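Take a look at the structure set out below.
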Amino acid sequence: MDEAGIEVAEVKPGGTGWRVGIRPGHRLVAVEGIRPRDWWEYRFLVSGCRVRLEWGRPEGVTRADLEKAYDDDLGIRFRSPLFDGLRRCANRCRFCFVDQLPPGLRPSLYVKDDDYRLSFAEGNYVTLTNLSPGDIERISRQRLSPLRVSVHATDPEVRRSLMRCPPPGEILPLLRRLASAGIAMHTQVVLCPGYNDGPILDQTLHDLESLYPAVRSVAVVPVGLTRYRGNAGNGNVSNLRPLTGEEAKTLVEWAARHQRRLRARTGRGFLYLADEVFLLAKSPFPPAHQYDGFPQLENGVGEAALLYHQWARWKCFLPRRAPRPGVVGLVTSRAGAQVIQPILEDLGRVWGLEIRLLDIPSSFWGENVSVAGLLTGHDLESGLRGVKARAVAGADVLLVPARAVNGRGEFLDGKTLSEVSRALNARLVTVPATARGLREAALTLGAANKWQNR
């Protein structure tokens with residue numbers, strides 16, 4: 001944290017901060033005599049009707065006792081919500097995806113964040129291994145909830161072996177303390193066959209279930225392994241292996257048994273499997289209502305069920321004839337193609353609309369990575385040439401998963417939509433993985449999408 005204070009980036013004209021003379025470029029020194037560590041602590045400190053404020057100007061430090069409306073944030077914005085910097089991960093997990101990245105990607109991808117504040121504010125998963133006693137006291141006092149916690153195993157030795165975290169590495173005592181303080185938690189287990197499956201997984205579920213309702217959900221997600229894992233340099237990552245189809249079937253049956261028991265006890269499924277597990281097992285996805293509001297949606301849990309649930313309503317509004325007849329190529333991964341196929345069959349019944357499903361392997365990450373959101377520009381360029389070139393050339397537009405690019409239209413490998421569009425000599429448009437997004441993009445040939453490339 002800057003000893004001179006926290007730089008103010010914006011001040012709302014007419015707001016409380018503006019009226020007392022705070023301007024962009026000034027530096028917040030203290031609120032109620034405390035230097036806030038982040039935006040959320042600042043909001044907590046300024047929430048009352050009377051606030052003592054100190055801020056630095058070129059002429060010196062100004063102090064003022066303010067009277068204001070309750071919960072007025074003074075109209076001040078800062079350059080970063082984390083005034084004391086991002087908390088980095090101190091673990092060396094065997095399965096860490098960041099350690100399996102090749103060099104040369106966007107710099108932000110190599111940042112290993114493990115910040116409980118971003119777990120509370122943005123839903124990031126954290127290990128809680130870098131918390132100080134002061135952090136735990138603050139989480140409890142300020143009710144920073146819910147948190148999303150990477151548990152992986154409640155057995156201390158197994159967890160230490162998997163995560164190679166700083167001692168003591170025990171998660172259960174900390175979860176119990178947070179639960180007693182009323183902190184809600186969603187948890188995840190990255191399943192690594194041979195490490196934390198079988199009896200270890202049984203014990204983990206039993207321990208987390210004992211903390212219900214503070215622990216509100218458990219997601220089991222299969223480990224993701226790229227073709228670069230042998231060069232990761234974090235020890236034994238090459239010994240990990242992906243979940244097999246037979247293991248996935250066993251896991252689906254195991255989860256179904258426990259969900260029936262848990263639903264009878266709590267009224268909720270509590271335990272949820274990632275969509276990838278059902279694809280590996282060649283098992284149907286559970287219906288949407290069994291995901292209990294989709295508490296783990298951003299973790300790849302229930303996306304397919306939600307999509308089908310939405311589509312069941314939206315397909316009723318499909319026209320008999322396409323308002324803009326043409327050919328649409330839908331680009332996705334091998335796993336994404338399995339999910340999207342039933343929807344494309346419905347779209348294919350619209351007269352004048354031809355849908356071409358272009359499922360491509362991930363030549364960039366390797367065959368074990370089949371998530372549509374991880375498709376790269378390299379994958380598109382290599383996968384849509386050769387035998388699929390004619391399908392690309394004959395399409396009016398190619399729909400690409402919106403999750404595959406960031407807000408600047410960049411894929412994970414740094415290639416942009418414009419660059420890939422030129423390389424393929426095709427018009428690329430991103431489309432969200434929602435029923436409405438697919439329907440509108442297909443029927444309008446992507447005309448309304450902001451990332452279209454002509």
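Values in this text are rule-based calculations from the coordinates and carry no lab data. Keep in mind that this is a model prediction, so the values were computed, not measured. Virtual Cβ from ideal backbone geometry, glycine too; neighbours counted across all protein chains shown.
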Exercise. Three principal axis extents, largest first, for the C-alpha atoms of region 6-78, in Å?
Worked result: 29, 25, 20
For this session: Estimate the FRET efficiency between VAL98 and ASP346 by the formula 1/(1 + (r/R0)^6), using the beta-carbon distance for r and 35 Å for R0, to the nearest 0.05.
Result: 0.35
Exercise. Treating the beta-carbon of each Lys and Arg as +1 and of each Asp and Glu as -1, no other charges, what is the dipole magnitude of the chain about its Cα centre, to the nearest 20 debye?
Worked result: 980
Exercise. From the square roots a ≥ b ≥ c of the eigenvalues of the alpha-carbon gyration tensor of region 68-202, which class results: rounded (a/c under 1.5), prolate (a/b over b/c), or oblate?
Worked result: oblate
Exercise. Using a simple spin-label model with points 7 Å from Cα along the Cα→Cβ vector, what separation in nm is obtained for ALA4 and GLU157?
Worked result: 5.5
For this session: Please tell me the relative contact order of region 310-443 in percent, rounded to the nearest whole number, where contacts are Cα pairs under 8 Å and at least six residues apart.
Result: 28
For this session: Please list the non-local residues whose amide H lies under 5 Å from the amide H of LEU66, H modeled 1.01 Å from N, same-chain partners needing a gap of 5 or more.
Result: VAL51, ARG52, LEU53
Problem set entry | Listed residue (LEU131, ALA184, VAL371) projecting farthest to the positive dipole end of the chain, Cβ model | VAL371
For this session: Any cysteines in the chain with zero other Cys Cβ atoms under 4.7 Å from their Cβ? List them, or say none.
Result: CYS49, CYS89, CYS165, CYS192, CYS316
For this session: State whether region 125-235 is rounded, prolate or oblate according to the following rule on the C-alpha gyration tensor (a ≥ b ≥ c being the square roots of its eigenvalues): a/c under 1.5 gives rounded; otherwise a/b larger than b/c gives prolate, and the remaining case gives oblate.
Result: prolate
For this session: Would you mind working out the magnitude of the charge dipole of region 6-78 relative to its Cα centre, with +1 at each Lys and Arg C-beta and -1 at each Asp and Glu C-beta, to the nearest 20 Debye?
Result: 140
Seminar exercise, completed: Honestly the chain on the Cα gyration tensor test (a ≥ b ≥ c root eigenvalues; a/c under 1.5 rounded, otherwise a/b vs b/c for prolate or oblate) is just oblate
Exercise. If contacts are Cα pairs under 8 angstrom and at least 6 residues apart, what is the relative contact order of the chain in percent?
Worked result: 9
Seminar exercise, completed: ASN91 neighbourhood, Cβ < 9 Å, K/R = +1, D/E = -1, net charge +2
Seminar exercise, completed: per DSSP, antiparallel bridges as share of beta bridges in the chain, % nearest 5, sits at 40
Exercise. What percent do you get for the relative contact order of region 6-78 when only Cα pairs under 8 Å and 6+ apart count?
Worked result: 38
Exercise. Quick one: net charge of ASP65's neighbours, Cβ under 9 Å, K/R +1, D/E -1?
Worked result: +2
Seminar exercise, completed: Residues TRP55, TRP311, TRP365 in order from fewest to most other beta-carbon atoms within 10 Å are TRP311, TRP55, TRP365
Problem set entry | Whole-angstrom gap from region 1-48 to region 308-345, using each part's C-alpha centre | 49
Exercise. Near LYS68, which lysines are there with a Cα under 27 Å away, not counting those fewer than 8 places off in the same chain?
Worked result: LYS12
Exercise. Mean residue ellipticity at 222 nm from the helices of the chain, using -39,500 (n - 2.57) per DSSP H segment of n ≥ 4 over the full residue count, to the nearest 500 deg cm²/dmol?
Worked result: -9000 deg cm²/dmol
Problem set entry | Geometric extent, Cα atoms of region 1-137 - Rg, Dmax (angstrom) | 17.9, 54
Exercise. Want the number for ALA389 to ASP135: 0.36 nm per residue separation, take away the alpha-carbon distance, what's left?
Worked result: 85.9 nm
Exercise. What is the distance in Å between the Cα centres of region 105-131 and region 160-227?
Worked result: 17
For this session: Return the ratio Rg/(2.2 N^0.38 Å) for region 98-301, where Rg is computed over Cα atoms only.
Result: 1.02
Seminar exercise, completed: Charge dipole of the chain built from unit charges on the beta carbon (Lys, Arg +1; Asp, Glu -1), centred at mean Cα; most positive-end Cα among PRO342, VAL51, THR266 is PRO342
For this session: Please quote Rg/Rh for region 310-443 to two decimal places, taking the Kirkwood radius as Rh and restricting both calculations to Cα atoms.
Result: 0.95
Exercise. What is the calculated FRET efficiency for ASN425 to LYS282, with r their C-beta to C-beta distance and R₀ = 41 Å, to the nearest 0.05?
Worked result: 0.65
For this session: Evaluate the charge dipole of region 1-134 about its Cα centre and quote only its size in Debye, nearest 20, assuming +1 on the Cβ of each Lys and Arg and -1 on the Cβ of each Asp and Glu.
Result: 200
